[in-house]
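Contents: one structure, followed by commentary.
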Amino acid sequence: MPWVLFAKLGSVEIPSAGMQFLFTLGGVPVALALLIDRRFHLEKSGRGIFYGLMVGILSAIGTLALFVAYRAGGSASVITTATSLYPMVTVILAVAILRERLTIVQIVGLGFATAAFVIFSL
C-alpha cells in the first residue's frame, strides 16, 4: 500500500503526534465526500455510532503506534508486516466473544500467516 511508504517517510521527518494529526486531517476530504454522497444524512443508531467511534479511536491509537515505531527507526518492511497481522487479533476475539467458528482451512491460513511473519522478520 502506498500510504505505508508515505507514513515511513513522514515519520522520519516529523514527530509521531504530528503525523497522526495530519493523517486524521487527510481523512477529512474523504469523510466530507461520503457525507455529501449521502446528502448529509447522519446515522441514528446510538449503538452503531458508538461502535463507529470506537473503531475510529482504536484505529487512531494503532496508527499512532505505527508512526512511533517508524520514527524509532524500525524497518518499515518488518513493522508493516507485523502490524498487518492485526486481523489475527480480530479472529481470536471473534472466536472468543462472538462465538464464531473457524474452518480447518482458516486455521491453516492463520498458521501460514504466522510463519510468514516469522520468516519475514529474520
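Nothing in this text is a laboratory measurement; each read-out follows from the coordinates by a stated rule. For clarity, every value in this text was computed on a predicted model and none was experimentally measured. Cβ placement follows ideal geometry from the backbone for every residue including glycine, while neighbour counts extend to all protein chains displayed.
How far apart, in nm, are the 7 Å Cα→Cβ label points at Leu58 and Leu42?
Result: 2.4 nm between the two label points.
Give the Rg (one decimal place) followed by the Dmax (whole number) of the chain, computed from C-alpha coordinates and expressed in Å.
Looking at the chain, its Cα Rg and Dmax stand at 17.6, 50 Å.
Which of Gly109, Leu9, Leu22 sits closest to the plus end of the dipole of the chain, meaning its Cα is farthest towards the positive end, when Lys and Arg get +1 and Asp and Glu get -1 on the C-beta?
Gly109
Counting helices only, and only those DSSP H runs with n ≥ 4, report the 222 nm mean residue ellipticity of the chain as the sum of -39,500 (n - 2.57) divided by its residues, in deg cm²/dmol to the nearest 500.
-26000 deg cm²/dmol
Let's test the formula: R0 of 41 Å, r as the Cβ-Cβ distance of Ile104 and Ser84. What FRET efficiency results, to the nearest 0.05?
In this case the efficiency is close to 0.95.
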